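The values are calculated or read from the model by the stated rules, or taken from the named source; none is laboratory data. Computed from a predicted model, the values in this text were never measured in an experiment. For neighbour counting, all protein chains shown are included, and Cβ atoms are generated from backbone atoms with ideal geometry for every residue, glycine included. Surface accessibility is based on the protein's heavy atoms, side chains included, excluding ligands, DNA and RNA. Shrake-Rupley method; radii C 1.70, N 1.55, O 1.52, S 1.80 Å.
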Amino acid sequence: STLDDLVIIGNDIFNAGNTDYQYALVPLLNNIEGGYSITEAHSDFNGIFLLEKDRIYGTILDTKCDNSRNHSVIIQPSLYNKYPRAIYNALYNYESGTAEGFFCRYDVNNCIYYPQDSTDYRRDFVNFLTDHKPKILKTFDGRIWLINISADSIQETEDGHYEHRLTSFSWTETGDCNDEQDLYDADLIDVDSAYWS
């Protein structure tokens, strides 16, 4: 009978870090929208995360994520001009980069890391990276991308001790992580186009 009777709890795993969001509950009756019930939430986490629809890997240990912007331009010198001309023959404009971290088994309930017992965990993580599926990569500071892992780019390196192994990989942005069509095509959401904004 009141809004206090209605409690909805859910995890929105594709939220960017350090970002404010609004959620609206919209009742529909005969395809007519009723009054909105709006709540706000602040998304906040540490480290970096890689996500598919049903799988998540993340770490706060020794993280690094570099990115660069790629776009199409040809610098063409001309015969009688001092300066060359910039020619844009394509529309592509995307980011790519590298990410690195110390991924190891973690007990969430007791807040304990198990680097000495993480060989299988890292093997599963590398299999996750090479499963040919698009992923969401997000960092604590609000950067977020829809990516694919670049070929032959995954490396594990020992950092001072055999149990301290850093995993790094290269990635390429392959869609817009805020676009429902791109998320649906990447099999990251299963909400069909009738409900897209």
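Provide the packing ranking of 58-68, 98-108, i.e. peptides ordered by the mean count of other C-beta atoms within 10 Å per residue, highest first. Spell out each step's value before the answer.
Working: 58-68: 15.1, 98-108: 17.5.
Descending packing order for the listed peptides: 98-108, 58-68.
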(request) With springs only between Cα atoms under 10 Å apart, run a GNM on the chain and tell me which of 158, 95, 52 wobbles the most. (result) 158
(request) Considering the options 116, 83, 70, tell which one lies farthest towards the positive end of the dipole of the range 63-127, charges being +1 on Lys and Arg and -1 on Asp and Glu at the Cβ, about the Cα centre. (result) 83
(request) Identify, among 42, 96, 147, the residue whose Cα sits farthest towards the positive end of the charge dipole of the range 22-151, taking +1 on the Cβ of Lys and Arg and -1 on the Cβ of Asp and Glu, with the dipole about the Cα centre. (result) 96
(request) Would you give the gap between the C-alpha center of the range 15-66 and the C-alpha center of the range 70-131, rounded to a whole Å? (result) 22
(request) Could you list which residues have their amide H under 5 Å from that of residue 95, counting only those 5 or more apart in sequence or on another chain, with H placed in the peptide plane? (result) 70, 173
(request) Please give every one of the lysines within straight-line cross-link reach of residue 138, meaning a C-alpha to C-alpha distance under 16 Å, and leave out same-chain neighbours fewer than 8 residues apart. (result) 53, 64
(request) First check a/c for the range 93-197, with a ≥ b ≥ c the square roots of the eigenvalues of its C-alpha gyration tensor; if it is under 1.5, answer rounded, and if not, answer prolate when a/b is larger than b/c or oblate otherwise. (result) prolate
(request) When a/c is below 1.5 the answer is rounded, else prolate if a/b is larger than b/c, else oblate, so apply that to the range 1-120 with a ≥ b ≥ c taken from the square roots of the Cα gyration tensor eigenvalues. (result) oblate
(message) At 1.4 Å probe size, with the rest of the protein present, what percent of the exposed accessible area of the range 93-197 is carbon and sulfur atoms?
(response) 44
(request) Note down the net charge around residue 113, summing +1 for each Lys or Arg and -1 for each Asp or Glu among other residues with Cβ under 11 Å from its Cβ. (result) -2
(message) Checking the a/c ratio against 1.5 first, then a/b against b/c, what shape does the Cα gyration tensor give for the range 10-79?
(response) oblate
(message) Over the chain, with the other protein chains present, what is the accessible area per residue in square angstrom, probe 1.4 angstrom?
(response) 68
